[in-house]
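A.B. asks: Dumping the structure here so I can ask a few things about it.
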Amino acid sequence: MNTIAQARQDRVRCRVAPSVLALLESARQGLASAEDETSAGGRYVGAHLAALRAAAAIVAARAEPASPRRKRPQSVWELLPRVEPALSEWAAFFAAGAGKRAAAEAGLPRAVSGREADELLHDAATFVSLAESALGVPAQPLLPLPTAI
């Protein structure tokens with residue numbers, strides 16, 4: 001890498017809070033863990049949580065300070081479109097999968113199929129990369145889709 005590119009990369013890192021970078025790293029680690037899961041439910045849960053962490057990173061980086069007036073708690077999927085409108089469809093997509101994630105976390109055997117888990121893993125990897133891009137953080141390579149044996 002040339003020195004100009006390295007300097008740009010260093011400046012980008014300086015503009016993103018360490019807590020935001022930690023959430024993105026946790027999302028990447030979650031994707032890797034989900035990829036290693038043998039159960040469909042485990043893959044689905046891991047992928048969904050990785051996307052949730054990436055969304056939380058964006059919200060943490062872009063959200064306005066909370067007003068002193070108390071409001072009802074909101075999910076990150078409700079907050080994401082306000083701070084990053086370009087990711088509104090992704091927020092709706094992952095919000096719609098929260099019920100399946102809860103069912104998989106509860107251990108319901110038919111909560112998700114292997115195909116659903118693999119597709120969500122792929123979608124979550126894409127979303128994490130989009131989140132990194134939205135924050136100006138150099139993206140890591142996407143995880144490959146698991147292949148059937």
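A.B. asks: Considering only residues of segment 28-67 that are of a type in the set (Asp, Glu) and part of a helix (DSSP H, G or I), which is farthest from residue 120 (Cα to Cα)?
C.D. replies: Per the stated criteria, the residue is 36.
A.B. asks: Out of 34, 55, 40, report the one residue that is within 20 Å of residue 83 (Cβ to Cβ) and in contact (Cβ under 8 Å) with a residue 40 or more places away in the chain.
C.D. replies: Sole residue among the options that is within 20 Å of residue 83 (Cβ to Cβ) and in contact (Cβ under 8 Å) with a residue 40 or more places away in the chain: 55.
A.B. asks: Quickly run through segment 93-128 and pick out the residues that are outside any loop (DSSP other than H, G, I, E, B) and exposed (fewer than 13 other Cβ atoms within 10 Å of the Cβ).
C.D. replies: Correct list: 96, 99, 115.
A.B. asks: Suppose we filter 102, 86 for residues that are at pLDDT 95 or above and over 16 Å from residue 47 (Cβ atoms); which single one remains?
C.D. replies: 86
A.B. asks: Which residue pairs have Cβ atoms under 9 Å apart, sit 6 or more places apart or on different chains, and have a first residue in segment 85-111 that is acidic (Asp, Glu) and a second that is surrounded by 13 or more Cβ atoms within 10 Å (Cβ to Cβ) and outside any helix (DSSP H, G or I)?
C.D. replies: From segment 85-111, the pairs are 105/111.
A.B. asks: To continue, here is another question. Given the conditions (1) over 11 Å from residue 131 (Cβ atoms); (2) modelled with pLDDT of 95 or more; (3) surrounded by 16 or more Cβ atoms within 10 Å (Cβ to Cβ), report the number of the one that residue 80 does not fulfil.
C.D. replies: (1)
A.B. asks: Ok, one more. Just to check your reading of the model, which residue among 34, 40, 55 is under 16 Å from residue 90 (Cβ atoms) and at pLDDT 95 or above?
C.D. replies: 55
The values are calculated or read from the model by the stated rules, or taken from the named source; none is laboratory data. Here the structure is a predicted model, which means the values were calculated and not measured. Please note: Cβ atoms are built from the backbone with ideal geometry, for glycine as well, and neighbour counts cover all protein chains shown.
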